[in-house]
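The values are calculated or read from the model by the stated rules, or taken from the named source; none is laboratory data. In this text the structure is predicted, and so the values were computed from the model without any measurement. Here the Cβ positions follow ideal geometry from the backbone for every residue, glycine too, while neighbour counts run over all protein chains shown. Ligands, DNA and RNA are stripped out before the accessible areas are found, and what is left, the full protein with its side chains, is counted by its heavy atoms. Shrake-Rupley method; radii C 1.70, N 1.55, O 1.52, S 1.80 Å.
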Amino acid sequence: MKTKHVLYLYLSLLLGYCTTEFFDYNFWIVYILSVIIYWSLICITDHIFVRCNFPVLSTEKRVHSGKREVGGDIARTVAVILVPVVHFFGLTYYYSTEFTEYMIFPTAVRWLGICAVPMFMIISGYFKCNAKICKKHYFAVIPLLFTHIFISCIRIWVDHKFHGAVVDWEYIKDKLLFFEYGWYIRLYIGMLLLMPFFNIAYKNIGEKWKKEVFILTLVGLNALGPLTFDVVPSSWLIFYVFGYYIIGCYLYEYKVNVNPIFALMAFCSITAFVSAATYMHCKNNVFDWSFIGYAGNSGYSSMITVFMSMIITSVCFNINFKFKPLALLFKAVSLVSLEMYLFSQMFDGFIYKDIIENNVAFSHSFRNIIYLAGTSILLSFFASWIKKIIFMPGNMIKVFFSKKGNAEISVDQKE
C-alpha cells in the first residue's frame, strides 16, 4: 500500500463520519461500511486515472528559479483574504443562529475561511524550510514584535477614542504582552524558535516516502481524534501547527501535481458534503464546535481543513505566469500580509458595529459578506502600506548597512 492510499483512507474516514448524519440506522454499521465503500471507490478511481496516464495525484522534484515565485504570493494573498472572511462569522451571530437549510452554503464558506491559519502555517514551512540555527533566523523575531507593538498601540488608541475603552496598564498589558490583538503572532514566534530543529528532523529523514509517512503521522495525530472518538487522543493536538509546517517543507521540495479537474470537483464536492452533514448534525440547533473537529483550536486541525488547505496551497504554489501587473498586485498584498492580519480586526470594529449593536439577523448580514469582508480587506491593505511607507527609510538604512557589512566581509575573505 502506498502512502497516498493512507491519505485516501483519512478522507474516507471523514466522508464516512459525515455520512452517518444522513442515515437513521446503527451508527457503526453505517460508518464502517461507508468508509470501506469510499476508500474502495477513491482507490479504484485513482488506479483508472493512472492507467489512462492521467493521474489524480503525482509528485516530482520542484525546481526553483531563484527568483520571487508568484505562486507563493498568490498563496499568501488567498490566506490573508480568508482572515476577514472567517472573522465575519464571529461578528454576525453565525454561531448563535439556529441551523436551517439556509445555513448550508454559509457553512461551506465558513469551512473555507477556517483554512486561513493552516495556510499561513503551510506557507511558513514552504519559505522557512531552509532556516538554520543562527542569529539571522532568531533576530527575525525583532521586526515581528515591532510590527505587533506598533499596530497594537494604534489599536489601543482607536479602542479608547472610538469605542470608549478604559485604557489602563492592565488593558495595555493584555494587548501588548498577551497578544490579545493577534494570538497568531504569539503562536508564530513559538514556531519560529522551533523551525530550525524541525527542518533538521525533516531533512534527515531521507527518502521521499518516509517524509510522507512523517506527514501522515502528524496529520493522523492531529485530525483523527474526533473521527475515532479519541482513540487517537486529543493530547497530540498541539502538533497540528507542525503538521502543517512540515507539509509546507514537503511542498517546497516536491511539486504535488493535482489533476485540476479532479481537484476542483473534489474540493467543491467535499466542502458541500461536509457542510450538508454539518447542517444535519446541527439541525434546529446552533453550530457544534466539536463536530469533526476540536473546539479547542476552532477546527484548524479537523480533517476537512487539512484537505482543503493542502489542495489550495498545492494549487497556488504551482501557479506561474509572467503577466507583471497581476504578479505585482499579488506581491503588493503578500508583502503586507502580516500587517493586514493585525489591522483587519481594528477595521472590523467599525464595519460590524451596527450589526452587533442592533443584533442584525445572520441571514441579512450574509447577503453582504462580499461588501463587509471586502471593505475590511481593502482598508487593511491601504493601512498596511501606509505603515510600510512610513518605515521605508528605516528599512533602506538597514539594507545599506547590511550591504556594507557584507562588502567588508568579502574584502576580509579576499585578504
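Of the numbered criteria (1) in a loop (DSSP other than H, G, I, E, B); (2) loosely packed, with under 14 Cβ neighbours inside 10 Å, the one ALA131 fails is (2). In this structure, is PHE214 touching a residue at least 24 places away in the same chain (Cβ under 8 Å), at negative phi, in a helix (DSSP H, G or I) and open to solvent by 40 Å² or more (accessible area, probe 1.4 Å)? In short, yes.
Scanning the range 257-301 for residues that are modelled with pLDDT of 90 or more, closer than 24 Å to ILE74 by Cα and touching a Phe, Trp or Tyr at 6+ places or on another chain (Cβ under 8 Å) turns up ILE270, THR271, TYR300, SER301.
For beta carbons closer than 9 Å, sequence separation of 6+ or different chains, a first residue in the range 311-322 that is without any contact (Cβ under 8 Å) to a residue 12 or more places away in the chain and a second that is open to solvent by 10 Å² or more (accessible area, probe 1.4 Å), the qualifying pairs are LYS322/VAL70.
Here TRP183 clears all of (1) surrounded by 14 or more Cβ atoms within 10 Å (Cβ to Cβ); (2) modelled with pLDDT under 90; (3) not acidic (Asp, Glu) except the condition numbered (1). Out of ILE156, ILE142, ILE149, ILE189, one residue alone is β-branched (Val, Ile, Thr) and in contact (Cβ under 8 Å) with a residue 40 or more places away in the chain. It is ILE189.
The condition (being among the aromatic types (Phe, Trp, Tyr), open to solvent by less than 60 Å² (accessible area, probe 1.4 Å) and out of contact with any Ser or Thr (no Cβ under 8 Å at 6 or more places or on another chain)) is satisfied by just one residue among TYR126, TYR171: TYR171.
Quick one: is ARG62 on the phi < 0 side of the Ramachandran plot and touching a Ser or Thr at 6+ places or on another chain (Cβ under 6 Å)?
no
Could you check the range 292-307 and list, in sequence order, the residues that are in contact with a Ser or Thr (Cβ under 8 Å, 6 or more places away or on another chain) and open to solvent by 10 Å² or more (accessible area, probe 1.4 Å)?
TYR294, GLY296
Only one of these is among the hydrophobic types (A, V, I, L, M, F, W, C), out of contact with any Gly (no Cβ under 8 Å at 6 or more places or on another chain) and either over 21 Å from SER124 (Cβ atoms) or in a helix (DSSP H, G or I) (or both): CYS249, CYS268. Name it. The unique qualifying residue is CYS268.
Listed by first and then second residue, the pairs with beta-carbon distance under 8 Å, at least 6 apart or on different chains, first residue in the range 61-77 and open to solvent by 10 Å² or more (accessible area, probe 1.4 Å), second assigned to a helix (DSSP H, G or I) and among the acidic types (Asp, Glu), are LYS61/GLU253; ARG62/GLU253. Within the range 20-36, the set of residues being surrounded by 12 or more Cβ atoms within 10 Å (Cβ to Cβ) and either in contact with a Leu (Cβ under 9 Å, 6 or more places away or on another chain) or farther than 20 Å from MET303 by Cα (or both) comprises PHE23, TYR31, SER34, VAL35.
Taken together, the residues in the range 131-149 that are over 23 Å from GLU339 (Cα atoms) and touching an Asp or Glu at 6+ places or on another chain (Cβ under 9 Å) amount to 0. So which of SER58, SER65 is more than 24 Å from ALA272 (Cβ to Cβ) and part of a loop (DSSP other than H, G, I, E, B)? So the residue among SER58, SER65 that is more than 24 Å from ALA272 (Cβ to Cβ) and part of a loop (DSSP other than H, G, I, E, B) is SER65.
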